[in-house]
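**Q** Let me begin by handing over the structure; questions about it come next.
The values are calculated or read from the model by the stated rules, or taken from the named source; none is laboratory data. A quick note: this is a predicted structure, and the numbers were derived from the prediction, not measured. Please note: Cβ atoms are built from the backbone with ideal geometry, for glycine as well, and neighbour counts cover all protein chains shown. Calculation scope for accessible area: heavy atoms of the full protein, side chains included, ligands and nucleic acids excluded. Shrake-Rupley method; radii C 1.70, N 1.55, O 1.52, S 1.80 Å.
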Amino acid sequence: MGSANLRLSRRQVLGIAAGGVVGAVGFRYLTLQLPGGSQQVASAAGPAGAWSSPLSNATGLAAHLLRRATFGYTADQLETAASMPYPDLVDMVLNQAAEPLPPVADPTDYQAVVRAWYEHMATTPAQFPERMTLFWHGLLTSDYRKAARLPFVLQQNELYRSMGRGDFRTLINAVTYDPLMIRYLDLEESTAAAPNENYSRELMELFTLGVGNYTETDVREGARAFSGIRTVLVDAAGKRTQPPKAKGSSPAEYAQAVEQLLAQGAAFKGVLAKNQHDSGSKTLLGHTGNLDPAQALDIILAQPSCAPHIARLALEQFCAPNPSTALITSVATPFRAGNYDIKTLMRTIFTSEAFTSPGAYRSLVRGPAEYMVASMRALARPDLAAASMRSGAGMDQILYDMPTVAGWPSNQGWVSSGAWLARLNFAAAAIASERTFPDPVDAVKVQLDGVVGPDTATVFNASEGDGDRWYALLASPEFQLK
Amino acid sequence: MITRRDFMVSGITATGVGIIVPPVFAQSVFAATMEDVHNDRVLVILQLGGGNDGLNTVVPYADPGYLQARPNIGIPSDKVLPLNAEIGLNPVMPGMKKLFDAGEVALVQGVGYPNPVYSHFEGLYIWEHADPTMQQTDGWLGKLLASQLDSQGHPLAGCALGQASTPAELLAQNATVSVIDSIPTYQVEGGAGRRVAAPALYKRTPGIYGAIFDEALSTAEYGIAALADSQSRCTPSVTYTPQSTVYGSKNSLATSLQLTAEMIVTQPSVKVCHVVLGGFDTHQDEDTRQNALLAYVDSAVSAFMQDIANHGMADRVVLMTWSEFGRRVVENGGKGTDHGAAAPIFVVGKPVQGGVFGEQPSLTSTVDSGNLKYNIDFRSVYQTLIRDWLQADPASVLGSSFPELPIIKTA
């Protein structure tokens, strides 16, 4: 392509105050003059130092939604989205049917699963289901380690994809019996005689209620209610069968044996082993009875703190970095009233004023996986899945290997000197192997709404080839935000 | 809102190798080296993430209640490495035993705080912010750096090593923290053009994250420059010789601590380093899992101390371990232990006054149905390290004063 030339408008240059408090550097209009004399002017002046929000126009708002509800978009997808009334666009996104993960060569190899997932995130048209799969993975966490050489990572990934947009009660019941979760939070050996508190505690603290909304006694009583959950292998007819023996077989032989079982319709599933379950009377959150896991979950989900807890986490990922109590309540109330319907939760968020008002523009930081997949989609390079897996560690996000059971940080928690170098170096690696590039000037319009700060414009303008221009775009602060 | 330091706008000069070094760094590095006062007192924080079980780390082997509470995972008295007639180390810790015998380990028993919490995340918050009321928003080390240790704003004064995120202890308004996973990857990759373009993208970023983004990139830019600068400009040249045999079998902690040694040896401005080893949340199979982790700690800390000594810096480094809580006295049904309260911590180094400080908490007179009562507030350890080791003022960091422990040798 010809020489791209983005010029800062005179007004913008004049608007840059020298020095001053960082974060209030004082330019109001972020305007780029694009080649061919067409000038795209951001729609409104923001407060001093703020990005100029394009959310009052249809294209700006559609791009904003797609950056948050999906992993990114092409120019065509954005055009289609922008042509729809916004509520219809939200419904279209919410109602996307999930596409299954393509077959993974070795389902016992979690890295193969993660790689397939990265490719899928980058390629599937069913973007919202993948984004929700990642959301639930970050909230209802599990890591790969205790899966040993069993296909549990794949199975949990499929669970979150298939149930992540239904209702939360069904989801959390399924999670309680999910083989990877059973291992990760130590339900596997929890017995009536010696219940293990790990799942009970993290379920209430992190997955449902939040700290302060239960007591240590509730943790111990809950552990009794969740005792006795075990993973079994059942064949296609539903009859229990034995998993292949890992000992004495090579990894390849073992993987093959597991694959063969799965191909024949066998599946691992969680069950309640009656002889290991404490069926005695318990008192959980003020309710007494011979509680089993489903009853315990009903009691937990009846707590007034449950819907706000999930609403807050969803808002931090999809709407606002520090949601106010009023915003949390306004989102939690229809979620709870709608019997924990997840699409209701997300529709309320996406159509809220907090989401569509100018202050929401670029108010969230893309997580590393979001950033890398958005890069892959912008460049149409799903082959960067392997590079994404390698690069995630430096940005502190390895899928199925989170730092703690609380999942990953969000927004400014992602920012550190090392993590930012890792992001920029991912951009460099993504550009290094590419020979022909999509038009970078179009990409500035489509991916960055044409709203670009002075540094990005300067570096972009000083670039001599499309590779350098794409580096400026992918490494820019604008592209790290959503 | 984070404000940038004066040094970041005080002008830049180019060095012969094409790396931008702000003069203030070059001067401070140079001056410190010339006067031979550089990193005279370094504090290394080793976080044991997940809640390390103190009772199977420092075993009260003479108390019959110990094996009664832990019939499956208890360590028999003939296996422990005795420190005195009451307590002994887990047998996977011969290196720590050797350091203890050499008088280089202060073992502080029964460390905790009033009204213990059993949530990982509340426990972390309390230790990271030195505040059981969870009101403070700045990490204690970040506050110490910004207010007292880092008056030059040097990017390498506070380092999180072998990791990618800023630990909350170091996170504070005005605290500059370098987060370095490894030195070879801590650079702008992709060639000379990228090394110019990358920092240029982050000078005047608008929006609510603008200052935070720009601070991260500036810290990286100047940290990279300082790392390169020390190789060429220090007189006499300070070189780190990798001691691969010292570290023996590699684990992630050994890698992090070797990086820490390299940073301390080669970087005159390093004052506080943070490393972490996770996995101590041993609700299940504690006997095998905690032993493996403690063996890592033992070999990595021993190797680190040896490495530092081999470079003639043993007098300059003190290492402290901590964990968000200890674990329940009575084991659970999965050969593990659930979340507990007080636990011992180790303070290690040649400047340390060795010995056992504080009492082993009772196994029977417990708090919240079966958790150890603390008898030394963790802020006593912080206060001692701030005043006696780093020679700074603890009051501005801790708010109030705590009894000090005689764990640092007086000169």
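**Q** With an 8 Å Cα cut-off and a minimum separation of 6 or more residues, compute the relative contact order for the range B:347-411 in percent. Could you put the intermediate results ahead of the total?
**A** On the way: 58 pairs, mean separation 23.3, N = 65.
The normalised contact order for the range B:347-411 reaches 36 percent.
**Q** Shifting gears a bit: Quick one: if the Förster radius is 60 Å, what FRET efficiency do B:S365 and A:A380 give, using the C-beta to C-beta distance and rounding to 0.05?
**A** For R0 = 60 Å, the calculated efficiency reads 0.35.
**Q** Just to check I understand the Karplus step: with θ = phi - 60° and J = 6.51 cos²θ - 1.76 cosθ + 1.60, what whole-Hz values come out for the range A:267-272, glycine and proline as x?
**A** 8, 7, 8, x, 9, 9
**Q** Could I ask something else about it? Count charges around B:N56 for me, please; just the other residues with Cβ under 13 Å from its Cβ, Lys/Arg as +1, Asp/Glu as -1. Kindly include the intermediate steps, with their values, before the conclusion.
**A** On the way: positive: B:R70, B:K79, B:R289, B:R327, B:R328, B:K335; negative: B:D53, B:D285, B:E286, B:D287, B:E331.
Once all neighbours under 13 Å are counted, the net charge is +1.
**Q** Per residue of B:157-170, count partner chain C-beta atoms within 10 Å of its C-beta, then hand back the mean as an integer.
**A** Details: counts 0, 0, 1, 3, 1, 0, 7, 16, 12, 10, 1, 1, 0, 1.
Mean partner-chain Cβ count within 10 Å for B:157-170: 4.
**Q** Which percent, to the nearest 5, of DSSP beta bridges fully inside the protein assembly as shown are antiparallel? Mind showing how you got there, number by number?
**A** On the way: 34 of 58 bridges.
Roughly 60 percent of the DSSP beta bridges within the protein assembly as shown come out antiparallel.
**Q** Continuing with this model, one more query. Which percent, nearest 5, of DSSP beta bridges in the range B:6-398 are antiparallel?
**A** Details: 15 of 39 bridges.
Percent antiparallel among DSSP bridges in the range B:6-398 is about 40.
**Q** Using the Karplus equation 6.51 cos²θ - 1.76 cosθ + 1.60 (θ = phi - 60°), what ³J(HN,Hα) coupling, rounded to whole Hz, does each residue of the range A:87-99 give in order, writing x for Gly and Pro?
**A** Result, ordered by residue: x, 5, 4, 4, 5, 4, 4, 4, 8, 4, 7, 5, 9 Hz.
**Q** What does the average come to when, for each residue of peptide B:187-197, you count the partner chain Cβ atoms lying within 10 Å of its Cβ?
**A** Details: counts 2, 5, 9, 11, 2, 0, 9, 10, 0, 2, 13.
Mean inter-chain Cβ contacts per residue within 10 Å come to 6.
**Q** Rounded to whole Å, give me the distance from the Cα center of the range A:173-196 to that of the range A:319-370.
**A** The range A:173-196 and the range A:319-370 have Cα centres separated by 31 Å.
**Q** Next question. Convex hull over the alpha-carbon atoms of the range B:6-398: what's its volume per residue in Å³?
**A** Values: hull volume 55.8 nm³, N = 393.
Hull volume normalised by residue count: 142 Å³.
**Q** Still on this structure, please answer the following. If you line up the Cα atoms of the range B:264-411 on their principal axes, what length do they span on each, largest first, in Å?
**A** Cα extents, longest axis first: 50, 35, 25 Å.
**Q** Which residues of the range A:190-225 show a drop of at least 20 Å² in accessible area when all protein chains are present, compared with their chain alone (probe radius 1.4 Å, heavy atoms only, ligands and nucleic acids excluded)?
**A** Relative to the lone chain, where solvent access is computed with a 1.4 Å probe, the range A:190-225 loses at least 20 Å² at A:A194, A:N196, A:E197, A:N198, A:R201, A:E202, A:E205, A:V211, A:E216, A:R220.
**Q** Now a separate question. Please say if the range A:70-186 is rounded, prolate or oblate, where rounded means a/c under 1.5 for a ≥ b ≥ c the square roots of the C-alpha gyration tensor eigenvalues, and otherwise the choice is prolate for a/b larger than b/c and oblate otherwise? It would help to have the intermediate numbers written out before the result.
**A** Values: a/c = 3.12, a/b = 1.71, b/c = 1.82.
It comes out oblate by the Cα gyration axes.
**Q** Let me know the charge dipole size of the range B:6-398 about its Cα centre in debye, to the nearest 20, where only the beta-carbon of Lys, Arg (+1) and Asp, Glu (-1) is charged. Numbers along the way, then the final one.
**A** Working: 22 positive and 38 negative charges, 107 e Å.
It works out to roughly 520 debye.
**Q** Calculate, in whole percent, how much of the Cα-Cα pair population of the range A:348-482 lies beyond 21 Å.
**A** Value for the range A:348-482: 44 percent of Cα pairs lie more than 21 Å apart.
**Q** Once you order the gyration tensor axes a ≥ b ≥ c over the Cα atoms, which shape class does the range A:110-301 get: rounded for a/c under 1.5, otherwise prolate or oblate by comparing a/b with b/c? Mind showing how you got there, number by number?
**A** Numbers: a/c = 2.17, a/b = 1.35, b/c = 1.60.
Judged from the Cα gyration tensor, the range A:110-301 comes out oblate (a/c at least 1.5, b/c at or above a/b).
**Q** Taking the Cα atoms of the protein assembly as shown alone, what are Rg (to one decimal) and Dmax (as a whole number) in Å?
**A** 27.8, 86
**Q** May I ask you to give the percent of accessible area on the protein assembly as shown that is carbon plus sulfur, with a probe radius of 1.4 Å? Before the final figure, lay out the partial values.
**A** Values: 17030 of 31830 Å².
That share works out to 53 percent.
**Q** Moving to a separate point now. For chain B, set up a GNM with springs between Cα atoms under 10 Å and report which of B:P206, B:P155, B:P394 has the largest fluctuation.
**A** B:P206
**Q** With a/c under 1.5 counting as rounded, go ahead and sort the range A:114-179 into rounded, prolate or oblate using the C-alpha gyration tensor (a ≥ b ≥ c being the square roots of the eigenvalues; past the cut-off, prolate if a/b is larger than b/c, else oblate).
**A** Details: a/c = 2.14, a/b = 1.10, b/c = 1.95.
In terms of gyration-tensor shape, oblate.
**Q** Given the rule -39500 (n - 2.57) for each run of at least 4 DSSP H residues, summed and divided by the residues of chain B, what is its mean residue ellipticity at 222 nm, to the nearest 500 deg cm²/dmol? Write out the running numbers ahead of the final one.
**A** Working: 12 runs with 129 residues, N = 411.
For chain B, the value works out to -9500 deg cm²/dmol.
**Q** Using a 1.4 Å probe on the heavy atoms of the protein chains only, list every residue of the range A:435-482 that has 50 Å² or more less accessible area in the complete assembly than in its chain alone.
**A** Checking the loss per residue gives A:D455, A:V459, A:Y471, A:P477.
**Q** A further question on this structure: Just order A:153-160, A:467-474, B:386-393, A:286-293 by mean Cβ neighbour count inside 10 Å, highest at the front, would you? All intermediate terms of the calculation are to be shown ahead of the outcome.
**A** Values: A:153-160: 22.9, A:467-474: 25.0, B:386-393: 18.0, A:286-293: 15.5.
Averaged packing, sorted descending, gives the order A:467-474, A:153-160, B:386-393, A:286-293.
**Q** Something else: Got a sec? Which residues in the range A:318-347 would a label at A:S357 touch, if it sits 7 Å along Cα→Cβ and we count backbone N under 11 Å?
**A** Once the point is set 7 Å along Cα→Cβ of A:S357, A:324, A:327 turn out to lie under 11 Å by backbone N, inside the range A:318-347.
**Q** In a GNM of chain B with a 10 Å cut-off on Cα contacts, which of B:N90, B:N72, B:N52 has the highest mean-square fluctuation?
**A** Between B:N90, B:N72, B:N52, it is B:N72 that shows the largest mean-square fluctuation.
**Q** Enter the angle in degrees (range 0 to 90, nearest 10) between the Cα long axis of helix B:23-34 and the first principal axis of the Cα atoms of chain B, meaning the one along which they spread out most.
**A** For helix B:23-34, the angle is close to 60 degrees.
**Q** Which of B:A168, B:G158, B:G190 sits closest to the plus end of the dipole of the range B:122-199, meaning its Cα is farthest towards the positive end, when Lys and Arg get +1 and Asp and Glu get -1 on the C-beta?
**A** With unit charges placed on the Cβ atoms, the residue in question is B:G190.
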